[in-house]
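For reference, the structure discussed in these notes is given below.
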Amino acid sequence: LVQKYHDTNCTDKLIIADVERAIASSYELRNKRDLIERFIDSLESSEDVTADWKRYIAEQREKELSAIIAEESLDDVATREFLARAFAEGGVQEAGTEITALMTVKPSRFAPEGAYTSMKARVVEKLKAFFERFSGMGA
């Protein structure tokens, strides 16, 4: 649909309505809505929309992953390797000690109010959300 919209010199608003309906009707696309909409808004007179899409997704993926790594003080290389395996295997592995190995700053396991557990849970949720957001996006 995006290619079709591009082929009309980005003027056919009916195609945009079709894109919006497709996103709304697909559970897998709902958390990707803003990525798709921003890409459509950024379309230029390029000849290869597919290459533009892949480049755009790669840039967004890098930007969002770098933000997660910085926010949670995660090991950069280990986190990227962990997520590469997650995309290859089809999911984020929560069991085991891999997640805690990514964390460079860890509260004590004995800290009051479960700070360690809440930090690990927050990291897992962010990595799972990242995985779900970019899974199947062709980057």
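Tell me, please, whether a residue that is open to solvent by less than 60 Å² (accessible area, probe 1.4 Å), touching a residue at least 24 places away in the same chain (Cβ under 8 Å) and aromatic (Phe, Trp, Tyr) can be found in region 106-123.
No - not one qualifying residue is present in region 106-123.
Being of a type in the set (Val, Ile, Thr), surrounded by 13 or more Cβ atoms within 10 Å (Cβ to Cβ) and over 14 Å from residue 130 (Cβ atoms) narrows it down to one residue among 69, 16; which is it?
16
Which residues, counting only those in region 76-98, are closer than 16 Å to residue 65 by Cβ and among the polar types (S, T, N, Q)?
79
Taking the condition of being more than 11 Å from the chain's Cα centre (by Cα) and not small (Gly, Ala, Ser), how many residues in region 57-86 meet it?
Adding up the residues that qualify gives 12.
Which count do you get for residues in region 95-115 that are of a type in the set (Asp, Glu) and farther than 19 Å from residue 128 by Cα? Steps first, answer last, please.
Start the filter on region 95-115 by keeping residues that are of a type in the set (Asp, Glu), which leaves 98, 113.
From what's left, farther than 19 Å from residue 128 by Cα: 113.
Residues in region 95-115 being of a type in the set (Asp, Glu) and farther than 19 Å from residue 128 by Cα: 1 in total.
Answer yes or no as to whether residue 7 is open to solvent by 80 Å² or more (accessible area, probe 1.4 Å), among the charged types (D, E, K, R) and modelled with pLDDT under 80.
The answer is yes for residue 7.
Restricting to region 87-105, name every residue that is under 30 Å from residue 54 (Cα atoms), aliphatic (A, V, I, L, M) and open to solvent by 50 Å² or more (accessible area, probe 1.4 Å).
Result: 88, single match.
The values are calculated or read from the model by the stated rules, or taken from the named source; none is laboratory data. Keep in mind it's a predicted model, so treat the numbers as computed, not measured. Here Cβ is always computed from backbone atoms with ideal geometry, including for glycine, and neighbour counts include all displayed protein chains. Note: areas computed on protein heavy atoms with side chains; ligands, DNA, RNA excluded. Shrake-Rupley method; radii C 1.70, N 1.55, O 1.52, S 1.80 Å.
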